[in-house]
Amino acid sequence: MDRSAAAPSSPLARAEQFVWLTARVLEQRRFAYHFLGGGADPVETALTAYLGDDGGYGHALEPDLRGPHSRPQHAAHALRVLDGIGRCGGRRAEGLCRYLTEITTPDGALPAHRPAPPGSPAAFGGPVADGPAGDLLTTGPVVGLLHRNDVWHAWLFRATDFCWAA
(Lines give C-alpha, C1' and ligand atoms only; values in the text may rest on other atoms or scores of the structure.)
Protein backbone atom coordinates (compact mmCIF):
# COMPACT_ATOMS: atom_id res chain seq x y z
CA MET A 1 0.00 0.00 0.00
CA ASP A 2 1.24 3.47 -0.90
CA ARG A 3 1.79 5.66 2.17
CA SER A 4 -0.12 8.50 0.56
CA ALA A 5 -3.18 6.24 0.28
CA ALA A 6 -3.77 6.22 4.04
CA ALA A 7 -5.66 9.24 5.34
CA PRO A 8 -3.85 10.98 8.25
CA SER A 9 -6.46 9.85 10.78
CA SER A 10 -7.13 6.41 9.32
CA PRO A 11 -6.50 3.35 11.51
CA LEU A 12 -3.62 2.36 9.24
CA ALA A 13 -1.99 5.79 9.58
CA ARG A 14 -2.36 5.67 13.36
CA ALA A 15 -0.95 2.14 13.45
CA GLU A 16 1.97 3.21 11.29
CA GLN A 17 2.76 6.13 13.59
CA PHE A 18 2.56 3.85 16.62
CA VAL A 19 4.89 1.28 15.03
CA TRP A 20 7.51 3.86 14.03
CA LEU A 21 7.45 5.43 17.50
CA THR A 22 7.39 2.33 19.71
CA ALA A 23 8.24 -0.90 17.91
CA ARG A 24 11.53 -2.72 17.59
CA VAL A 25 13.23 -2.63 14.19
CA LEU A 26 11.97 -6.14 13.41
CA GLU A 27 8.34 -5.14 13.91
CA GLN A 28 8.89 -1.94 11.92
CA ARG A 29 10.24 -3.98 9.01
CA ARG A 30 7.36 -6.47 9.28
CA PHE A 31 4.84 -3.64 9.25
CA ALA A 32 6.49 -2.13 6.19
CA TYR A 33 6.43 -5.53 4.46
CA HIS A 34 2.79 -6.28 5.21
CA PHE A 35 1.25 -2.82 4.84
CA LEU A 36 3.60 -0.49 2.96
CA GLY A 37 4.96 -2.62 0.14
CA GLY A 38 8.33 -3.14 1.81
CA GLY A 39 10.61 -6.00 0.87
CA ALA A 40 11.31 -9.27 2.65
CA ASP A 41 15.09 -8.66 2.76
CA PRO A 42 14.90 -5.96 5.46
CA VAL A 43 12.72 -8.24 7.61
CA GLU A 44 15.18 -11.10 7.27
CA THR A 45 18.09 -8.76 8.02
CA ALA A 46 16.38 -7.50 11.19
CA LEU A 47 15.66 -11.09 12.26
CA THR A 48 19.33 -11.98 11.83
CA ALA A 49 20.19 -9.70 14.78
CA TYR A 50 18.51 -12.26 17.05
CA LEU A 51 20.42 -15.26 15.65
CA GLY A 52 22.83 -16.94 18.05
CA ASP A 53 26.10 -18.71 17.37
CA ASP A 54 24.36 -22.03 18.06
CA GLY A 55 21.90 -21.59 15.16
CA GLY A 56 18.99 -20.76 17.46
CA TYR A 57 17.45 -17.41 18.26
CA GLY A 58 17.71 -15.39 21.46
CA HIS A 59 18.25 -11.79 22.55
CA ALA A 60 14.58 -11.35 23.54
CA LEU A 61 13.16 -12.18 20.12
CA GLU A 62 10.24 -13.42 22.18
CA PRO A 63 10.05 -10.35 24.47
CA ASP A 64 9.20 -12.30 27.65
CA LEU A 65 12.46 -14.24 27.46
CA ARG A 66 15.48 -12.05 28.14
CA GLY A 67 19.15 -12.66 27.66
CA PRO A 68 21.25 -13.70 24.69
CA HIS A 69 20.58 -17.44 25.00
CA SER A 70 18.67 -19.35 22.36
CA ARG A 71 15.34 -20.79 23.44
CA PRO A 72 12.69 -22.95 21.74
CA GLN A 73 10.13 -20.13 21.96
CA HIS A 74 12.47 -17.84 20.05
CA ALA A 75 12.79 -20.50 17.34
CA ALA A 76 9.00 -20.65 16.99
CA HIS A 77 8.82 -16.86 16.80
CA ALA A 78 11.53 -16.75 14.12
CA LEU A 79 9.69 -19.35 12.07
CA ARG A 80 6.46 -17.31 12.27
CA VAL A 81 8.36 -14.25 11.01
CA LEU A 82 9.94 -16.21 8.16
CA ASP A 83 6.64 -17.85 7.27
CA GLY A 84 4.99 -14.42 7.14
CA ILE A 85 7.44 -13.22 4.50
CA GLY A 86 7.55 -16.45 2.52
CA ARG A 87 11.10 -17.39 3.52
CA CYS A 88 10.65 -20.30 5.88
CA GLY A 89 13.06 -22.66 4.16
CA GLY A 90 16.56 -22.97 2.76
CA ARG A 91 19.73 -22.50 4.79
CA ARG A 92 18.02 -20.60 7.58
CA ALA A 93 15.54 -23.43 8.23
CA GLU A 94 18.33 -26.01 7.97
CA GLY A 95 20.40 -24.16 10.57
CA LEU A 96 17.43 -23.81 12.86
CA CYS A 97 16.63 -27.52 12.57
CA ARG A 98 20.23 -28.33 13.55
CA TYR A 99 19.74 -26.18 16.66
CA LEU A 100 16.41 -27.91 17.41
CA THR A 101 18.13 -31.29 17.12
CA GLU A 102 20.64 -30.23 19.79
CA ILE A 103 17.98 -29.18 22.31
CA THR A 104 15.44 -31.94 21.68
CA THR A 105 14.35 -33.96 24.69
CA PRO A 106 14.69 -37.77 24.71
CA ASP A 107 11.04 -38.11 23.65
CA GLY A 108 11.75 -36.20 20.41
CA ALA A 109 10.16 -32.90 21.37
CA LEU A 110 11.20 -29.42 22.39
CA PRO A 111 11.27 -28.49 26.07
CA ALA A 112 8.88 -25.83 27.32
CA HIS A 113 11.79 -23.99 28.93
CA ARG A 114 15.46 -24.56 28.36
CA PRO A 115 17.70 -23.77 31.30
CA ALA A 116 20.00 -20.80 30.77
CA PRO A 117 23.43 -20.62 32.34
CA PRO A 118 23.40 -19.54 36.00
CA GLY A 119 23.16 -15.80 36.47
CA SER A 120 21.50 -15.19 33.11
CA PRO A 121 18.74 -12.60 32.99
CA ALA A 122 15.26 -14.09 32.65
CA ALA A 123 11.70 -12.85 32.98
CA PHE A 124 10.43 -16.38 33.61
CA GLY A 125 10.01 -16.72 37.36
CA GLY A 126 9.48 -20.45 37.90
CA PRO A 127 12.09 -23.11 38.47
CA VAL A 128 13.25 -25.09 35.43
CA ALA A 129 14.39 -28.68 35.68
CA ASP A 130 17.78 -29.59 34.26
CA GLY A 131 16.19 -32.27 32.05
CA PRO A 132 12.76 -30.90 31.12
CA ALA A 133 10.25 -33.11 29.33
CA GLY A 134 9.05 -32.45 25.82
CA ASP A 135 6.18 -30.02 25.49
CA LEU A 136 3.41 -30.07 22.86
CA LEU A 137 2.72 -26.32 23.12
CA THR A 138 6.36 -25.62 22.28
CA THR A 139 6.88 -28.38 19.70
CA GLY A 140 3.56 -28.24 17.83
CA PRO A 141 3.83 -24.74 16.35
CA VAL A 142 7.39 -25.38 15.16
CA VAL A 143 6.44 -28.71 13.57
CA GLY A 144 3.37 -27.16 11.96
CA LEU A 145 5.28 -24.28 10.40
CA LEU A 146 8.00 -26.55 9.07
CA HIS A 147 5.45 -28.90 7.49
CA ARG A 148 3.47 -25.97 6.09
CA ASN A 149 6.60 -24.75 4.34
CA ASP A 150 7.68 -28.19 3.06
CA VAL A 151 10.85 -28.20 5.15
CA TRP A 152 12.28 -31.70 5.47
CA HIS A 153 14.82 -32.47 8.13
CA ALA A 154 15.52 -35.57 10.22
CA TRP A 155 14.53 -33.69 13.39
CA LEU A 156 11.03 -33.20 12.05
CA PHE A 157 10.16 -36.92 11.91
CA ARG A 158 10.52 -37.61 15.66
CA ALA A 159 8.99 -34.27 16.58
CA THR A 160 5.98 -35.00 14.36
CA ASP A 161 5.57 -38.42 15.98
CA PHE A 162 5.71 -36.75 19.40
CA CYS A 163 2.97 -34.30 18.40
CA TRP A 164 0.67 -37.05 17.11
CA ALA A 165 1.21 -39.12 20.25
CA ALA A 166 0.62 -36.14 22.54
Exercise. Quick one: order TYR50, TYR57 from most to least accessible surface, probe 1.4 Å.
Key: TYR50, TYR57
Quiz item: Long-range amide H contacts for TYR57: which residues qualify at under 5 Å (H placed 1.01 Å from N, peptide plane, sequence gap of 5 or more or a different chain)?
Solution: GLY52, ARG71, ALA75
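In debye, nearest 20, what is the charge dipole magnitude of the chain about its Cα centre with +1 on Lys and Arg Cβ and -1 on Asp and Glu Cβ, if you could check? Walk me through the numbers before you get to the answer.
Details: 15 positive and 17 negative charges, 72 e Å.
For the chain, the charge dipole is close to 340 debye.
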Quiz item: Among 138-145, 97-104, how do they line up from the highest to the lowest mean number of other beta-carbon atoms within 10 Å?
Solution: 138-145, 97-104
Self-check item: Solvent exposure ordering (accessible area, 1.4 Å, most first) of THR105, THR48
Solution: THR48, THR105
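The values are calculated or read from the model by the stated rules, or taken from the named source; none is laboratory data. Please read these numbers as outputs of a predicted model, since none were measured by experiment. Please note: Cβ atoms are built from the backbone with ideal geometry, for glycine as well, and neighbour counts cover all protein chains shown. All accessible areas refer to the heavy atoms of the entire protein, side chains included, with ligands and DNA or RNA removed. Shrake-Rupley method; radii C 1.70, N 1.55, O 1.52, S 1.80 Å.
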